[in-house]
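The values are calculated or read from the model by the stated rules, or taken from the named source; none is laboratory data. Keep in mind the model is a prediction, meaning the values are calculated, not measured. Neighbour counts run over all protein chains shown; Cβ positions are idealised from the backbone, glycine included.
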Amino acid sequence: MSVGIAGVGVYAPTSRLSTDEIAETWGNVNAPGIEATAVPAADEDVLTMGYEAAQRALNATGTNPDDVTTLIFATTNPPLAEETLLPHLGEMLALPDDSELELHTGSIAAGLVALKAGLRAVDDGTALVVASDAPRGNPDTAIEQGAGAGATAFVLTVGAPAKVTDWASYSEPSSGTRFRRRGAQVTEGLGITAFDRDAFRTVVTGALDQLTYDPETIGAAAVQATNGRLPYRITDALPVSNENLAQYTTVHNIGDTGVASVPLSLACALADGISDILGIAVGSEATAEAVTIAVHDTVPTIIDLGGTSDLEYDEYLRQQGELSKRKPEGGGGYVSIPTWHRSSAQRYRLEAGRCSVCGELNLPPRGACSYCHKLAEYAPVRLDRTGVVEAVSVISQGGAPPEFSELQGRSGAYVTGIVAFDSPEGDSASIPAMFVETDPDDVTVGDGVEMTIRRIYAQEGVPRYGFKVKPQN
């Protein structure tokens, strides 16, 4: 039996910046065809978004993380240019230590390239492919004003309900349409409009010409969308109408999501039960990857692209870190890398320990038991992802410890508290937690919350990740 897509998870940040807000600030807007963009929170990046999408994909399919043999991740904006990104994600998702890890970057076509790699990697196991991105540009450019954020994850198995039926690649030595300089944070383009459009059409049609498919059967097309108009420049070459293309082009509502653009559109088409789907990813108008997918049964999906908060432009700048360059001052709670590493199971997966003497749960499970005060061994216990708020405290502006001053400068007042998480046996362990996606006035004792993974802070230039909590859906 052939390998295919068994399920999909999709995530986008909940904050939105409308292009009307951009136009009001700048006097015009350079993001054609885009109504709003998804804006990462101050503690979000491509790794945390990828975690959210991957967790949803695993949940949608009921996949046991122990069964994942391969993890493949695609992005153009890794948190660090050189660092061990994927072992962190594997630990967060509780994947086996011997899972194969593969990173794809350097091109916004890498999302489909990663999917291809995942299909090739699966033998009799399970592959998890994640495409997560958050492009940035200079503030007055079309790239920045259209920049969104989001992530898609695919679970790939043998005998899955959606099968990739054909694949094609095409390239041209085009330059200058979209690039990021070495060491730079922002993506640029030379803005040679006619050349950009012609290069886009050339590589797309070149890839399509190599595919074997019946245009009459295609029910949806997912095309790379760096803005809201570019995909429609080639509809005469596509087997779908403008209206059909618009239905699955997510750039209009959440902006340009880089490597996640085409995977997001594919996910939406799979969720709608479209039986034959065409996908085309384009990297800097120089390369194109085209794929056809045939669906013979329902593909489980968990997709939530809705926004819950609209940003004003100054809030957007602050959340992106443009207005606050605050760095930690003074002491603060220094935690060494080795210490952080030893506590990763607790920080990433809520792993408590059951005391071998008194049987009580300890979180963190180290040192003397908090109940019987014995230096006992601890049996690992994975706590539920959902919990109940036991205490709440709001850290107002200026009240954050030094290591959190940058976060507070970007997000304002934030909520901390004590949350109780149940064990499979029915007892619980309580632990301090930071809250996200909530107004400080809206959190009360007794509220239900669920864990997520976010950036905690950075020390010694290294991002530190761990669990936080958000309101339970």
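Summary table below
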read-out: Candidate set: the stretch 154-166, residues that are aliphatic (A, V, I, L, M) and not in a loop (DSSP other than H, G, I, E, B); chosen: the one farthest from L305 (Cα to Cα); value: V158
read-out: Tally, over the stretch 417-433, of residues that are surrounded by fewer than 19 Cβ atoms within 10 Å (Cβ to Cβ) and within 20 Å of S396 (Cβ to Cβ); value: 2
read-out: Residue check, E24 of a type in the set (D, E, K, R) and under 20 Å from D256 (Cα atoms); value: no
read-out: Residue list for the stretch 153-176, restricted to those being more than 30 Å from T63 (Cβ to Cβ) and at pLDDT 95 or above; value: Y170, S171
read-out: Helices (runs of 4 or more DSSP H) enclosed by the stretch 303-419 - at least 3 residues per element that are touching a residue at least 40 places away in the same chain (Cβ under 8 Å); value: 313-319, 344-349, 405-411
read-out: In the stretch 437-471, the residues that are hydrophobic (A, V, I, L, M, F, W, C), under 25 Å from the mean Cα position of the chain (by Cα) and modelled with pLDDT under 95; value: I456, A458, V462
read-out: Residue list for the stretch 127-153, restricted to those being in a strand (DSSP E or B) and more than 14 Å from S18 (Cα to Cα); value: A127, L128, V129, V130, A131, S132, D133, G150, A151, T152, A153
read-out: Positions within the stretch 390-409 being buried (at least 19 other Cβ atoms within 10 Å of the Cβ) and over 29 Å from P365 (Cβ atoms), in sequence order; value: S405, E406, Q408, G409
read-out: Residues of the stretch 243-276 that turn out to be crowded, with 24+ Cβ neighbours inside 10 Å, touching a residue at least 60 places away in the same chain (Cβ under 8 Å) and closer than 15 Å to V299 by Cβ, as a count; value: 5
read-out: Unmet criterion (only one of (1) buried (at least 20 other Cβ atoms within 10 Å of the Cβ); (2) part of a helix (DSSP H, G or I); (3) of a type in the set (V, I, T); (4) in contact with a Phe, Trp or Tyr (Cβ under 9 Å, 6 or more places away or on another chain)) for T202; value: (1)
read-out: Any chance T226 is out of contact with any strand residue (DSSP E or B) (no Cβ under 7 Å at 6 or more places or on another chain), assigned by TED's automatic domain parsing to the domain that holds P13, under 25 Å from T19 (Cβ atoms) and β-branched (V, I, T); value: no
read-out: Residue match in the stretch 231-244 (condition: under 26 Å from F73 (Cα atoms), out of contact with any Leu (no Cβ under 8 Å at 6 or more places or on another chain) and in the same structural domain as V8 (by TED's automatic domain parsing)); value: no
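For every residue, the table says whether it meets (1) aliphatic (A, V, I, L, M); (2) out of contact with any Phe, Trp or Tyr (no Cβ under 9 Å at 6 or more places or on another chain); (3) closer than 30 Å to Y378 by Cβ.
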| position | (1), (2), (3) |
| --- | --- |
| P239 | no, no, no |
| N242 | no, no, no |
| L245 | yes, no, no |
| I293 | yes, yes, no |
| T298 | no, yes, no |
| G306 | no, yes, no |
